[in-house]
Amino acid sequence: MDYARYYLPPALQLGVIASFLAGGPWVWFGISTLIILGLIDSVLPNDFATRRIGNKTLADIPVWMSSLLGPAIYLAAAVWVARNPGAAVHEYVGVILSCAWMSAVPLVPATHELYHQRGKIRRFVGRYCQICYLDCTREIAHVVGHHIYVATDKDGDTAPRGASLYSFTPKAVLHSTKESWLTEAENLEKMGKARWGIHHRLWKAVLAQLVFQSIVFAIGGWTAVAVVLTGMVGARFWVESFNYFQHYGLIRTHEGAIDRRHVWNHFKPLSRIMAFEITNHADHHTNSYAAFHELVPDTKWIPMPSVFVCFFAALVPPLWHNLIVKPALKRWDHEMASPAELEIAREQNRKAGWPNWFDDINPQQASTAAA
């Protein structure tokens, strides 16, 4: 069962491809899974089990499938356009939303798993399957930016307290893009090459996108290109929104080591499966080379609901802040924060207009909790 459960993501992707080929109202199948999975996941008990998987090759099969099926979904969308001239507007909307959602989950977790591992082929595939959300340079900022600066003010993936999903997401897109491109340019300069020359991975990403869109055009013309690009743009912003739930409001000083307490975990069963264990988050940030099935759930966690519930709640900021994240952060400040982190947290609360819940925290207790 531990091997089989991870075939759910590629099975849903294949279902989306089939829905596009079937046409009609079936094109809404992909986006409908967001609601269906969210409802089911929200009522299931938390899953704290450590996976019993010993064969890495077999474990990787669904990861590879989900990565490669990401671009395949967009090609199926182009086929749908070619086969359905004059389709209703609502059908176009269903295709675009389904493409965008499938690009966020499970494609992002699958490509994330590949580019975090050793091996040129794995990293190449993980990198260029990210074409589906217009970001074939994403892992630069993720690996050498986010993983180093997580929970600090230098991390574009960590939303400060008080930020809404709507204010965070566009800033995160800009920060990630800028960080990736500048980091690549600086590395080229250190190697004695032109900062923005032909070796810069930005141009390889542009070439990959041009080749892919040419294939889309050959299948369904400019209408297919418009549909595919709209889905990709939507996916780009949707992708960044998931960092909002996994890091929101957490604090770390620049001098402090990264610890399991510096990320949120979501242990609902479907959250873990559909995200290839990204939501089983603590181990990943302390050992980023660990395979998804090797991650051990953090039993000292502060409870967070399903990642699907977090997404829907964040669409209504007062709901997200007051019912989910403020109670969790108050516990984190009282039980896990160091004295230096508490000072930063206090200032963030003040700027956000949040309650001052720090006066009853004993500094000695804080030091012990963070140790």
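The values are calculated or read from the model by the stated rules, or taken from the named source; none is laboratory data. Nothing here was measured: the structure is a model prediction, and the numbers come from that model. Here the Cβ is made from the backbone with ideal geometry for all residues, glycine too, and neighbour counts use every protein chain on show. Side chains are part of the model used for accessible areas, which takes the heavy atoms of the whole protein and leaves out ligands, DNA and RNA. Shrake-Rupley method; radii C 1.70, N 1.55, O 1.52, S 1.80 Å.
Here is how the numbers come out for the structure above:
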| quantity | calculated |
| --- | --- |
| Loop trypsin sites (Lys or Arg not before Pro), the range 85-185 (other Cβ atoms within 10 Å of the site Cβ: 11 or fewer; DSSP) | Arg118 |
| Lysines whose Cα lies under 18 Å from that of Lys120, excluding same-chain neighbours fewer than 8 positions away | Lys56, Lys204 |
| The chain - percent relative contact order, Cα under 8 Å, separation 6 or more | 21 percent |
| Gyration tensor (Cα) of the range 2-65, equivalent ellipsoid semi-axes in angstrom | 27, 18, 5 |
| 5 angstrom amide H check on Ala337, placed H, neighbours 5+ away | none |
| GluC sites (Glu not before Pro) within the range 189-265: DSSP coil, no more than 13 neighbouring Cβ in 10 Å | Glu255 |
| Acute angle (nearest 10 degrees) that the helix 326-335 long axis makes with the longest principal axis of the chain, alpha-carbon atoms | 50 degrees |
| Computed over the range 1-129, Cα set: Rg, Dmax in Å | 16.1, 51 |
| Global size of the chain as Cα Rg and Dmax, reported in angstrom | 21.0, 69 |
| Against the rule of thumb 2.2 N^0.38 Å, how large the Cα Rg of the range 163-244 comes out | 1.36 |
| Among Ser176, Ser214, Ser241: highest mean-square fluctuation, GNM of the chain, C-alpha pairs under 10 Å | Ser214 |
| With every protein chain in place, the chain: carbon and sulfur % of accessible area (1.4 Å) | 66 percent |
| Sum of side-chain charges, Arg161 neighbourhood, beta-carbon under 13 Å (Lys, Arg +1; Asp, Glu -1) | +1 |
| Counted charge near Trp203, where neighbours are those whose Cβ lies closer than 13 Å (Asp, Glu -1; Lys, Arg +1) | +3 |
| Burial order of peptide ranges 296-302, 163-169, 53-59, 309-315 (average beta-carbon count within 10 Å, highest first) | 309-315, 163-169, 296-302, 53-59 |
